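Quick notes on the structure that follows.
Read-outs: derived from the displayed coordinates by stated rules, not from any lab. Quantities reported herein were computed from a predicted structural model and do not represent experimental measurements. Using ideal geometry, Cβ is built from the backbone for each residue, glycine included, and neighbour counts are taken over all protein chains shown.
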Amino acid sequence: MKVADDLNQIRVHLAAIGHPVVGDRRYGQERKVRMRPALHTKSTSFAHPFSGEPLRFDTKVPGYFIALIGFPLQSS
């Protein structure tokens, strides 16, 4: 699965440069609190594979991100 491979590469590269994804138990720091990795995309866009129509999907930042970092993230 291409998406899973890309996610794994992001996690590996970030950990290698000393910036692991928060909550990543495989490549990040061990924590006593169980959580899912704090990796999220606010927006993604791509061309539809058949029609070529541009598609864009936007999401809100998950509430648990605020709990992890202690303040709300800025929206752009």
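Brief remarks follow.
- Once the Cβ-Cβ distance of residue 22 and residue 55 is raised to the sixth power relative to R0 = 35 Å, the FRET efficiency obtained is 0.75.
- Of the peptides 14-27, 53-66, the order by per-residue mean of other Cβ atoms within 10 Å, starting with the highest, comes out as 14-27, 53-66.
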